[in-house]
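Notes follow once the structure below has been shown.
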Amino acid sequence: MAETPPSAAGGILVAICSIGGAVVGLIQGQVTIGFLAGLAIGAAGAVAVWLRGSRR
């Protein structure tokens, strides 16, 4: 059976960016907007990691 390389974990980007966005939003008084912006950035990063991994 051929061994396949482990898949990249892009989900950590979603988690870190969501928390980071909430913290930045808290500092600026807009927690929800910061969280949603961090979520969008993290999701875009996770998709990029997934696309890069699927090309291998």
If you go through the stretch 19-32 one residue at a time, do you hit one that is buried (at least 17 other Cβ atoms within 10 Å of the Cβ), among the small types (G, A, S), within 26 Å of T4 (Cβ to Cβ) and out of contact with any Lys or Arg (no Cβ under 8 Å at 6 or more places or on another chain)? no
Over the stretch 37-56, the set of residues open to solvent by 50 Å² or more (accessible area, probe 1.4 Å), in a helix (DSSP H, G or I) and touching a residue at least 24 places away in the same chain (Cβ under 8 Å) is L39, I41, V47, A48, W50, R52
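The values are calculated or read from the model by the stated rules, or taken from the named source; none is laboratory data. Being a predicted model, the structure only gives us computed values, none of them experimental. In this analysis, Cβ positions are derived from the backbone assuming ideal geometry, glycine residues included, and neighbour counts consider all displayed protein chains. Only protein heavy atoms, including side chains, enter the accessible area calculation; ligands, DNA and RNA are left aside. Shrake-Rupley method; radii C 1.70, N 1.55, O 1.52, S 1.80 Å.
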